Amino acid sequence: MFNDPVPAPSAPLTPCIGICRLDDRGYCLGCLRTGDEIARWRGMNDLERLRLMRDVLPTRKVEP
């Protein structure tokens, strides 16, 4: 009947690891997003978030 468990909502996509401080280039030391990307994050849809996480963030490097 209708005894199927209700699927849990998917976790929001985020690269955040809780280290929230911008470096001299304006990249977050934890997730490598810019301040603008962080500010716009809630307004992005999942496809925009995935593109940023898959295509943009991996190209950024943490500088010592």
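Observations on the structure shown:
- Subset tally (residues that are touching a helix residue (DSSP H, G or I) at 6+ places or on another chain (Cβ under 8 Å), over 16 Å from R49 (Cβ atoms) and part of a loop (DSSP other than H, G, I, E, B)) for the stretch 21-34: 1
- Cβ-Cβ contacts under 6 Å between residues 6 or more apart (or on different chains), taken from a first residue in the stretch 44-60 that is among the polar types (S, T, N, Q) to a second residue that is surrounded by 13 or more Cβ atoms within 10 Å (Cβ to Cβ) and not in a helix (DSSP H, G or I), are absent.
- Filtering the stretch 34-55 to residues that are farther than 21 Å from L22 by Cα and of a type in the set (A, V, I, L, M) leaves L47, L50.
- Members of the stretch 23-38 found to be under 11 Å from the mean Cα position of the chain (by Cα) and among the small types (G, A, S), listed by number: G30
- Top-ranked residue in the stretch 48-64 [being of a type in the set (K, R) and surrounded by 14 or more Cβ atoms within 10 Å (Cβ to Cβ); ranked as nearest to the chain's Cα centre (by Cα)]: R49
- Scanning the stretch 24-47 for residues that are among the acidic types (D, E) and at pLDDT below 95, we see that the one that is surrounded by the fewest Cβ atoms within 10 Å (Cβ to Cβ) is D24.
The values are calculated or read from the model by the stated rules, or taken from the named source; none is laboratory data. Everything quoted here is computed from the prediction, not taken from an experiment. In this analysis, Cβ positions are derived from the backbone assuming ideal geometry, glycine residues included, and neighbour counts consider all displayed protein chains.
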